[in-house]
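The values are calculated or read from the model by the stated rules, or taken from the named source; none is laboratory data. Just so it is clear, the model here is predicted, and its values are computed rather than measured. Don't worry about glycine lacking a Cβ; one is built from the backbone with ideal geometry, like all the others, and counts go over all protein chains shown.
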Amino acid sequence: MFKLPRKILIKFILVACAVFLLANSLSCFKDPFNNFFKPQLSLVGWVKREIGGLIFFHRNLIENERLNNEVGALRSRLLDSREVLLENARLRGLLNFKQQSPLRLVPSRVIGRSPDSWSSSIIIDKGKSNGVRRGMVVISLQGLVGRISESSDNSSKVLLINDPASGISSIVQRSRQEGLVSGTLGTNLIMRYLPENADIVLNDTIITSELSQICPKGLLVGKVISLGKELSGLNRYAMIRPAVDLASIEEVLVIIP
Amino acid sequence: MKKLFYLLTVILLGLLQLNWPGFLSFFNSRPDLLLIFAVSAVIYLDFKSAFVLGAFCGLIKDVFLTGVFGTNILLFCALCYLVFRLSRQLSTETDLIRLGLVCVAVLLSNVVNGIQSAYSGGIPAGIFLGNLFFSTGYTLVLSPLVFKLTRKIAE
């Protein structure tokens with residue numbers, strides 16, 4: 001029987017190892033090998049993965065469900081934390097405003113809105129126990145919001161400036177032209193009783209007047225967005241976009257006189 | 001026990017109406033869930049219970065509105081009586097008739113509230129009509145859900 005001498009076998013192994021190491025360390029040898037074997041290796045890898053997927057189908061299914069649940073929970077936590085972040089920014093703004101303002105202010109949160117479409121009001125979480133009384137003015141960082149129409153021990157109703165029952169004596173900041181701002185139930189306000197020759201133009205800023213018995217003077221009401229003539233032809237009116245987004249207000253400040 | 005459920009439903013609907021999400025308010029109008037409940041109570045319950053529930057629904061609205069207190073109690077009682085009289089003349093088995101009854105009640109309620117609101121200050125005609133039709137339509141769209149709820153409790 002053919003028998004390889006031990007010496008020759010050892011030499012052959014040593015040479016083979018040297019060639020393999022050399023081929024593996026030099027990229028000029030390595031790359032062609034890799035390129036040659038790559039498609040086959042990819043195919044083998046793909047088959048292995050698919051077979052593994054079939055074998056561990058049930059385990060993967062359960063893990064997928066678990067991970068999906070985890071993703072859902074994390075998403076909702078992310079939303080919660082975003083909400084907290086936004087609330088934090090708003091409250092920080094309110095606190096700064098409260099510290100800077102010369103007025104005595106009571107910050108409060110909106111806990112409810114008008115239950116029908118024919119009035120515009122909100123319910124806040126501060127009442128008589130916090131010093132809030134009927135007739136007090138409610139503002140936000142952006143400007144005038146409304147006034148307290150009723151107050152109980154721990155909550156109050158605020159009549160918003162876009163309610164038709166609300167009327168505030170206001171002036172055009174630039175020309176000091178006076179008028180009465182009232183609500184229309186829509187998103188805009190209307191400034192009435194402007195004389196024919198009133199000095200008012202688009203984008204004029206409207207602020208509360210010192211003639212107003214209800215509000216402190218100089219509170220921002222909004223900006224003029226259009227002008228028109230009343231049906232009687234005697235007066236003009238101006239449509240005003242409120243400075244405050246009344247539909248999405250969440251925190252307000254009550255002015256304590 | 002059922003009466004307690006009805007009261008709880010009124011409170012829940014009232015809370016939902018008070019905290020109706022802004023993104024679900026189309027053209028500044030919101031549905032009158034309490035009125036639908038009062039009308040459905042007239043259809044599915046005896047008149048006395050429905051009348052009391054209607055008054056309670058009106059009371060909840062009055063408590064949270066800024067207008068004259070008691071207007072909605074009176075209005076809801078009157079509408080319950082009107083729907084009761086109408087439902088005796090008509091068959092309330094079909095959905096269309098029930099929708100028609102809700103439509104009459106909501107339109108009347110909106111007209112009364114709208115006139116009251118317009119009287120307290122000026123509302124442009126466009127906003128008045130828009131509010132009238134949008135809130136009526138919105139209430140009608142949601143009425144089958146409240147009807148189902150009332151029928152479930154009544155069974």
Residues in the range B:121-136: is at least one farther than 30 Å from A:G228 by Cα and touching a Ser or Thr at 6+ places or on another chain (Cβ under 9 Å)?
yes
Filter the range A:122-147 for residues that are free of Cβ contacts under 8 Å to residues at least 24 places away in the same chain and touching an Asp or Glu at 6+ places or on another chain (Cβ under 8 Å) and give the result.
A:R134
Residues within the range A:150-162 that are under 29 Å from the mean Cα position of the chain (by Cα), buried (at least 22 other Cβ atoms within 10 Å of the Cβ) and more than 7 Å from chain B (Cβ to nearest Cβ), tallied
5
Would you say B:I127 is more than 14 Å from chain A (Cβ to nearest Cβ), at pLDDT below 85 and assigned to a helix (DSSP H, G or I)?
no
Filtering the range B:17-61 for residues that are within 14 Å of chain A (Cβ to nearest Cβ), out of contact with any helix residue (DSSP H, G or I) (no Cβ under 6 Å at 6 or more places or on another chain) and free of Cβ contacts under 8 Å to residues at least 40 places away in the same chain leaves a count of 6
Considering the range B:62-76, residues that are surrounded by fewer than 19 Cβ atoms within 10 Å (Cβ to Cβ) and assigned to a loop (DSSP other than H, G, I, E, B), and then whichever is farthest from the other protein chains (Cβ to nearest Cβ), we arrive at B:G70
Wholly enclosed strands (runs of 3 or more DSSP E) of the range A:168-220 bearing at least 1 residues surrounded by 19 or more Cβ atoms within 10 Å (Cβ to Cβ) and polar (S, T, N, Q)
A:178-183, A:205-208
Just the residues that are touching a Ser or Thr at 6+ places or on another chain (Cβ under 8 Å), outside any strand (DSSP E or B) and either surrounded by fewer than 19 Cβ atoms within 10 Å (Cβ to Cβ) or not aromatic (F, W, Y) (or both), please, taken from the range A:117-135.
A:S117, A:S119, A:S120, A:D125, A:K126, A:G127, A:K128, A:N130, A:V132, A:R133, A:R134
